[in-house]
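Taking it in order: structure first as structure tokens, then the write-up.
Readers should treat all values here as calculations from the given coordinates under stated rules, not as data from a laboratory. As the structure is a computational prediction, the values presented were derived from the model and not from experiment. Note that we place each Cβ from the backbone using ideal geometry, even for glycine, and neighbour counts take in every protein chain shown.
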Amino acid sequence: MSVSEIVETLQYLTFKLGEEVFALDVAKVREILELTTITKVPQTPEFMRGVINLRGSVVPVIDMRLMFGLSRTEQTVNTCIIVAEVCLNGETLILGALADSVQEVVELEPDRIEPPPNIGTKLNTDFIRGMCKVDDHFVMILDIDTVFSSGDLSGLALQGQA
């Protein structure tokens, strides 16, 4: 979905990875969990931190910092897991996204959201729906389905749901 497809005011959950602020459409967010025990799954990519038990269901947990080329998420009092619905290969999956902290829910008018910057042809910014200035910082609005549609994750998610 591109910025031009955002035609109504939407609510977004903002969260931090390092010093950067990101946002997800709240319609995709199921819940926010305190950090719990994550069971590592052998032979998975580094960004796949493992799985958690969520009321009897196995939920894969992805380290968003590692997915974006940052350092591994450290456990702090604010570290949390954002449980989100992701559409992957035509199926809806439940995944956990590890974040440094959750900030707030903000309402953003479509005219405040700008397209992601054109950084060049070598960098992929397809996973960014748009950018917006909130207070004194930029917020990158993620297209969560695109973030999680990388080839590595597609295979993991489908294996985990079998």
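Using the count of nearby Cβ atoms within 10 Å as a rough guide to exposure, how do R72, R49, R65, R55 rank from fewest to most?
R55, R72, R65, R49
So if we plug the beta-carbon distance of N89 and D135 into 1/(1 + (r/R0)^6) with R0 = 45 Å, what FRET efficiency do we get, rounded to 0.05?
Numbers: r = 37 Å, r/R0 = 0.83.
E(calc), rounded to 0.05, equals 0.75.
In nm, give the distance between the simple-model label positions of R72 and V58, each being 7 Å from the Cα along the Cα-to-Cβ direction.
2.2
If we count other beta carbons within 10 Å of each Cβ, what is the order of K133, K16, fewest first? Intermediate results must be reported in sequence, preceding the final value.
Working: K133 11, K16 15.
Lowest count first: K133, K16.
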